[in-house]
Amino acid sequence: MSLWGQEGRALRQRAVNRVIQARFVLGAAAFVTALVLSTQASWWLSFIVLMFVLLAVVALSATLPRNDNPVVSPMNDPAIFRLSGQQLAAQLPDPLIIFDHEGTILYVNPAANGAFGPLARGGALLLHFRAPELQAMVQSVMADSAARSVDYAERVPVERWYRATVLLLDQAGGSDRQYLLSFRDQTEAHRLERMRSDFIANASHELRTPLASLTGFIETLRGPARNDEAARENFLEIMQKQAERMARLIDDLLSLSRIEMKAHIAVKDEVDLTAVINHVADSLRPLADEVGVEIERNIDPDPINVLGDRDELIQVFQNLIENACKYGQSGKKIIIGLKRNGEGIKATVQDFGPGIPDEHIPRLTERFYRINLETSRAQKGTGLGLAIVKHILTRHRARLIVRSRVGEGSTFTVVFGLQKI
């Protein structure tokens, strides 16, 4: 090993450090040795001097690090200094903009360009961001240098919610001041909060209506219709229907809640989809006969197996076939299909009823969404059936495709990808 190479330089540096650490002990030993030699002391005094020198050497050795590989502090690692602030900012997933005391853009990271379009250096910050609350915050921070945050929405090209934060990067005065504007995307949190609020409002409304009806009839039966037998029978029948409506709504709400709780649990059971669909079609034949609808099947006779939960898959096809019978009854026929091809497994439920206008199709799986409120209530719908279907299929890694033309009918297709069973 060469003493002039990199390792040699490291060894020399460690030796110098050890001497510096033990400098007081070595100084004392040198002083005593010089004193003894200058006074021509006796042998026993010389012995004491030698012992003291020996102790000095031991003390020096005790100060030496036991590990020949020194721990390098991250702050002393040259690799850290090779990373510039611009490189670090470019890797951040959140949009980030640096501007000066005049509001001129000095730096924009790629995430900001992706979120807000190209933002050129030298441009005016407040010309790109017109939201009043954001402009007021930027101007306030530039006035008193106190960091602030605000929630605001970008409406174009699509609505997105952000929490914007502005802070002073350094304490330099005058034209050297620089500010950092960062954005944290809050769109998903706002969407979930809106869904929660809408869900509570819709559920409350759906339950309030039958409750108000029940309360009114009870008051009538206890008052003016107390002795009116014909009115009592009529009111009791209506009350029973309202109670059944509430029960259906609560059952669907509980079912949806259970499905959401199991959304992260993978399905592992092997289910024969052919048997499931045939079972549902047989169980709904009395309903089809009641509304005058013929059920035609176009199902391969051989078993078609998928990974899934049998009860949940029954719920999916029960909702789809029941909807086809109720809302497509004017077409007098529905066709149920099931086949496997190179792309996966497709199960279809086709009706020949009035069809669905295009503007309604994207919202069919929203909770409590109805195309026609009165028709839905007349058919004893809760507005949750297709929302339940969507959540079950999401858990099964399947998807629902809706095709419809007004006056010609609708087709609901469940697509399962190729699975290894």
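Only the coordinates and a few stated rules stand behind these numbers; no lab work does. Values in this document were obtained by computation on a predicted structure and should not be read as measured data. Cβ coordinates were reconstructed from backbone atoms using ideal geometry, including for glycine residues, and neighbour counts include every protein chain displayed.
Each label point is 7 Å from the Cα along the Cα-to-Cβ direction; what then is the distance between the points at E343 and R148, in nm?
5.4
Which pairs, out of K326/K346; K268/K333; K262/K326, put more than 27 Å between their alpha-carbon atoms? List each step's numbers first, then the result.
Values: K326/K346 23 Å; K268/K333 35 Å; K262/K326 30 Å.
Pairs exceeding 27 Å: K268/K333; K262/K326.
I'm a student and want to see the number: the projected area of the Cα convex hull of the stretch 85-185, averaged over all directions, in nm².
Values: hull surface 23.7 nm².
Computed as one quarter of the Cα hull surface, the answer is 5.9 nm².
Based on the alpha carbons, how large is the Rg to Rh ratio for the stretch 270-416 when Rh follows Kirkwood?
Working: Rg = 14.4 Å, Rh = 15.4 Å.
Rounded to two decimals, Rg over Rh is 0.94.
Dividing the Cα radius of gyration by the Kirkwood radius, what Rg/Rh value follows for the stretch 190-261? Display every interim value, and only then the final one.
Numbers: Rg = 16.6 Å, Rh = 14.1 Å.
On the Cα set of the stretch 190-261, Rg over Rh gives 1.17.
Separation of the stretch 298-327 and the stretch 179-193 by C-alpha centroid, Å?
Using only Cα atoms to place each centre, the spacing works out to 40 Å.
Show me the ranking of peptides 315-327, 357-369 by mean Cβ neighbours inside 10 Å, starting with the highest.
Details: 315-327: 22.7, 357-369: 14.5.
Final packing ranking: 315-327, 357-369.
Can you list residues whose amide H is under 5 Å from A225's amide H, if they're 5+ apart or on another chain and H is modeled 1.01 Å from N?
none
Provide the gained length on full extension for the span I200 to I299, in nm with one decimal, where the gain is 0.36 nm per separating residue minus the Cα-Cα distance.
On the way: separation 99, 0.36 × 99 = 35.64 nm, distance 4.05 nm.
Extending this stretch completely gives an extra 31.6 nm.
Restricting attention to the alpha-carbon atoms of the stretch 107-240, what are Rg (one decimal) and Dmax (integer), both in Å?
Here Rg and the maximum Cα pair distance are 28.5, 90 Å.
If you filter the stretch 165-250 for trypsin sites (Lys or Arg not before Pro), then keep DSSP loop positions with at most 13 other Cβ within 10 Å, what is left? Working shown, then result.
Values: sites: R177, R184, R191, R194, R196, R208, R222, R226, R232, K241, R245, R248; in loops: R177, R226.
In loop regions of the stretch 165-250 (DSSP not H, G, I, E or B), the sparsely surrounded trypsin sites (Lys or Arg not before Pro) are R226.
For D185 and L106, what is the calculated FRET efficiency with R₀ set at 25 Å and r taken between the beta-carbons, to the nearest 0.05?
Once the sixth-power term is evaluated, E becomes 0.65.
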